[in-house]
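Structure, as structure tokens:
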Amino acid sequence: RKGRWMVGRTFRGLAVIGTGEIDLRQAQFIDGETTINATAIIGNITVVVPEDADVHIGGTGILGGFDHHDEGPGTPGAPRITVTGLVFCGSVEVERRSAHAEAPNPKLRRAQRRLERKQRQLERKQSR
């Protein structure tokens with residue numbers, strides 16, 4: 001789902017042997033907050049959130065998981081988005097993007113995240 005749409009307090013996304021994208025950048029939030037319940041079974045779901053959103057991520061992953069990379073506080077008055085659910089042999093990723101940004105190349109995005117993880121590991125080793 002993407003474009004201009006009204007999102008309620010909850011929204012369910014399901015990907016079975018495939019991929020899906022939930023784009024909340026142009027969504028109107030009825031209550032100023034929403035919970036995305038994402039279920040990925042041998043598949044992947046990408047949740048695209050506005051850059052200023054307050055994002056909380058949790059859920060259960062079995063042979064897969066939830067990417068917590070873009071979790072964190074937003075600016076005052078921004079929507080609060082909670083992403084939860086179940087992943088089996090897949091993933092749920094949350095990406096912060098500006099309102100007009102295009103989707104990044106998936107290979108480039110994975111390489112950037114790997115590099116960021118390595119940098120965090122090095123920083124932890126140096127702080128010991």
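Some points to look at:
- With a Förster radius of 30 Å applied to the C-beta separation of residue 84 and residue 109, the computed FRET efficiency comes to 0.85.
- Computed over protein heavy atoms with a 1.4 Å probe, the accessible surface of the stretch 1-60 works out to 53 Å² per residue.
- By accessible area, using a 1.4 Å probe on protein heavy atoms only, the chain has 51% of its surface on carbon and sulfur.
- Label-point separation in nm, residue 123 to residue 41, each point 7 Å along Cα→Cβ: 3.9
- Net charge of Cβ neighbours under 10 Å - reference residue 26; Lys, Arg +1; Asp, Glu -1: +2
- GNM result for the chain, Cα springs below 10 Å: residue of 25, 117, 96 fluctuating most strongly: 117
- Nearest-ten-degree value, helix 106-127 long axis tilted from longest Cα axis of the chain: 50
- Remark: relative contact order (the chain) = 24 percent; criterion is Cα-Cα distance under 8 angstrom and separation of 6 or more residues.
- Residue-averaged [θ]222 nm for the chain, counting only DSSP H segments that reach four residues, each worth -39500 (n - 2.57): -6000 deg cm²/dmol
- Positive minus negative residues near residue 65 (Lys, Arg vs Asp, Glu; Cβ under 14 Å): -1
- Approximate spin-label separation residue 99-residue 116, in nm, with each point projected 7 Å along Cα-to-Cβ: 2.3
- Three-way shape label, the stretch 5-128, alpha-carbon gyration tensor, a/c 1.5: oblate
The values are calculated or read from the model by the stated rules, or taken from the named source; none is laboratory data. For clarity, every value in this text was computed on a predicted model and none was experimentally measured. Don't worry about glycine lacking a Cβ; one is built from the backbone with ideal geometry, like all the others, and counts go over all protein chains shown. Areas reflect the complete protein model, heavy atoms only, side chains present, ligands, DNA and RNA absent. Shrake-Rupley method; radii C 1.70, N 1.55, O 1.52, S 1.80 Å.
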